[in-house]
Amino acid sequence: MASGNVRRWQQIIQELILIAGTSLSTYFVVRFLLSRLEFDPESQKHEDAKRKSAAILRRLDRGDDSDDSSSSRQKRPQKQKKQDLVLTQYEQAIAMDVVAPEDIPVSFNDIEGLDDIIEELKES
């Protein structure tokens, strides 16, 4: 009788392990397959926005010190390389609206009569 109970418990434990293993493997297979499928109808739009915002951020990163003189660049320590940014959808939309300074056709020389404000802007 005791060996029958032990055998029964062994079968129950074996079946529970088999069910748990099958459930976990099914979960991970379904999760993998769903990640490969594109359910987002605007995925192409999101990819385009991601590429555009990355290009804008690269251009802005290159032009950070464009208005400094070469002597002040040598004195200042070099900035560390920025790692790849992971932006949310909102941050990508904001990055697409950023305008690089070299893309603005107006300079401070074109503005007359606002010398005090121009100096404050240059100082900050």
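Computed from the coordinates by the stated procedures, all read-outs in this text should not be read as laboratory data. Just so we're clear, the structure is a prediction, and the values are computed from it rather than from any experiment. Heads up, the Cβs are rebuilt from the backbone with ideal geometry, glycines too, and the neighbour counts pull from every protein chain shown.
Tabulated data
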| quantity | calculated |
| --- | --- |
| Spin-label model distance (nm) - Glu119 vs Gln10, 7 Å beyond Cα toward Cβ | 9.4 nm |
| Net lengthening on full extension, Arg51/Leu34 (0.36 nm per residue, minus Cα-Cα) | 3.7 nm |
| In nm, spacing of pseudo-spin labels at Ser43 and Met96 (7 Å Cα→C-beta vector) | 1.8 nm |
